[in-house]
1. Can you list residue pairs whose Cβ atoms sit under 8 Å apart, with the first residue in segment 59-83 being touching a residue at least 24 places away in the same chain (Cβ under 8 Å) and the second being surrounded by 12 or more Cβ atoms within 10 Å (Cβ to Cβ) and outside any helix (DSSP H, G or I)? Count only pairs 6 or more apart in sequence or on different chains.
2. Answer with yes or no whether Ala12 is without any contact (Cβ under 8 Å) to a residue 24 or more places away in the chain and either aliphatic (A, V, I, L, M) or in a loop (DSSP other than H, G, I, E, B) (or both).
Amino acid sequence: MHGNPIQPTKTAISLIDSLQKYVKRITEPEMTRKLEEDMDLIAEGKISEEKVVEEARSLLESAFKDLTENKEKITEILREGLREDKILGRCPECWQQPHRAPLKERREIRGLHRVPRLHVLTPTTKNRADHNNR
């Protein structure tokens, strides 16, 4: 997510699109609704916990099977979202699209895609590893 108001990244949109295409049942509210109803029935003593767990396990095993069968297709959709997220915008001088290029030590540098001599470079000093360990 980024921006104000918050907007999903292309990667996030790609994830949802791929799940809706290949494992639709886990993106729909019916699955959660059924589990919530069953939990209420457990609380009321009308159904056993074991039965609900077995049904949930069956649903998840089926979803996992769909995920593994479509792994390559889902991966390609996610990679496309990642590629789109790397696009920063257009160079103010030449209007070519710059990309974010990762460097060592988790620093980033922004430069023009496929241009050997970059005339616009913006170092970014965010160290995600250090940030995550705080």
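The numbers here are math on the coordinates, done by the rules we state, and not lab data. For clarity, every value in this text was computed on a predicted model and none was experimentally measured. Neighbour counts run over all protein chains shown; Cβ positions are idealised from the backbone, glycine included.
1. Once the first residue is touching a residue at least 24 places away in the same chain (Cβ under 8 Å) and sits in segment 59-83, its partners that are surrounded by 12 or more Cβ atoms within 10 Å (Cβ to Cβ) and outside any helix (DSSP H, G or I) give Ala63/Val23; Asp66/Val23; Leu67/Val23; Asn70/Val23; Gly81/Thr9.
2. So Ala12 fails the test.
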